[in-house]
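Below is one structure, written out as structure tokens, with a few remarks after it.
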Amino acid sequence: MPLEINCDMGESFGLYRMGDDAAIMPYITVANVACGFHASDPSVMARTVKLAKEHRVKVGAHPSLPDLQGFGRREMKMQPDELVDCIIYQVGALKGFLNQDGMALNHIKPHGALYGMAARSEDVARAVAKAAAVFNVPLYGMARTFHERVYKAAGIPFVAEFYADLDYSQDGSLIITREHGAVEPKAAAERVLRAVKEGKVKSIDGVDVPVRADSVCVHSDTQGAAEVARAVRETLAGCLG
């Protein structure tokens, strides 16, 4: 499949602003739009979808645990059926705005703690897959985790992500922080290029770990995200679909 650059965005809420979506949008090909449970509100969702349409950027849903105060980055226990309903509810909200602008739902990508829990827990991954099956769209996640194993077993297309602005541990797992600090754009772009070409990234312990990058993610709340996205876009110009 053609390589993508995706970004988690639409994460403002009311009068609170998170990230510069307008500055980032020209450098990405796919937007993961928050659905209201960790960030966003109806007006933010509507604006983000319209902005993506203007830039011909595909839109997927970015549902989370119901944790608005913690930005979806705190884990919580939920029954599988409760989690399925939680995801369907959020994706359905975003899909209404997509329908309004004549756009298709491209995919689903869980956010934050939910993403990490699904990577480690087969039960959580099954709940995510069950919700995604309702909408018949691909799921984004990390290769060599329950994301890939469970989603594929459920017959759902899987898109493997690599993160330009997050660190990896020695076991290949993603280090999900409460806040994303600044990263140097050129270094991030070079790291991405190595992941794409060699399938490797240096962990925080200095050890090479295997990765796969069907889609490269840049977070909108990373400091200097627009510059990082631009550097990644320029570096991967010949690889993008």
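The values are calculated or read from the model by the stated rules, or taken from the named source; none is laboratory data. Source: prediction; values computed, not measured. Positions of Cβ are generated from backbone atoms using ideal geometry, with glycine treated the same way; all protein chains shown enter the neighbour counts. Accessible surface is based on the protein model in full, side chains and every heavy atom, while ligands, DNA and RNA are left aside. Shrake-Rupley method; radii C 1.70, N 1.55, O 1.52, S 1.80 Å.
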In straight Cα distance, which lysines are under 16 Å from residue 50, not counting same-chain residues fewer than 8 positions off?
-> 58, 95
With the Cα gyration tensor of segment 92-207 in hand, give its eigenvalues times 5 under a square root as the equivalent ellipsoid semi-axes, listed largest first in whole angstrom.
-> 27, 18, 13
List the aspartates and glutamates whose alpha-carbon lies under 19 Å from that of residue 197, not counting same-chain residues fewer than 8 positions away?
-> 4, 161, 165, 167, 208, 214, 234
Assuming a ≥ b ≥ c are the square roots of the Cα gyration tensor eigenvalues, decide whether segment 185-241 counts as rounded (a/c under 1.5), prolate (otherwise, with a/b larger than b/c) or oblate.
-> oblate
Once fully extended, how much extra length lies between residue 56 and residue 212, figured as 0.36 nm per residue of separation less the alpha-carbon to alpha-carbon distance?
-> 53.6 nm
In a Gaussian network model over the chain where Cα atoms closer than 10 Å are linked, find which of 92, 19, 155 has the largest mean-square fluctuation.
-> 155
Modelled label-to-label distance, residue 169 and residue 81, 7 Å Cα→beta-carbon offset: nm?
-> 3.3 nm
Segment 106-196: GluC sites (Glu not before Pro) in DSSP loop, at most 11 other beta carbons within 10 Å | 179
If the cut-off is a Cα-Cα distance under 26 Å, which lysines reach residue 202, setting aside same-chain residues fewer than 8 apart in sequence?
-> 109, 186
Of the accessible area of the chain, with the probe set at 1.4 angstrom, what percent is carbon plus sulfur?
-> 51 percent
Work out from phi, with θ = phi - 60° and the Karplus expression 6.51 cos²θ - 1.76 cosθ + 1.60, the ³J(HN,Hα) of each residue of segment 45-60, listed in order in whole Hz, and give x for Gly and Pro.
-> 4, 4, 5, 5, 4, 5, 5, 5, 4, 4, 9, 6, 9, 5, 10, x
Length gain on complete extension for the stretch residue 190 to residue 43, per 0.36 nm per residue less the alpha carbon to alpha carbon distance?
-> 49.3 nm
Euclidean distance between Cα centres, segment 1-57 to segment 121-186, Å = 19 Å
Taking r as the C-beta separation of residue 234 and residue 122 and R0 as 45 Å, the FRET efficiency to the nearest 0.05 is 0.70
Name the residue, out of 58, 77, 200, whose mean-square fluctuation peaks in a Gaussian network model built on the chain with Cα pairs under 10 Å.
-> 77
Between residue 74 and residue 100, the two model label points (7 Å from Cα along the beta-carbon direction) sit apart by a distance in nm of 3.0 nm
Tell me, Kirkwood radius of the chain from alpha-carbon pair distances, in Å?
-> 17.5 Å
Contour excess over end-to-end distance, with Cα ends at residue 133 and residue 16 and 0.36 nm allotted per residue | 38.8 nm
Under a point spin-label approximation (7 Å from Cα along Cα-to-Cβ), what is the residue 198-residue 23 distance to one decimal in nm?
-> 3.1 nm
Average accessible area per residue (Å²) across the chain - probe 1.4 Å, nucleic acids and ligands excluded | 45 Å²
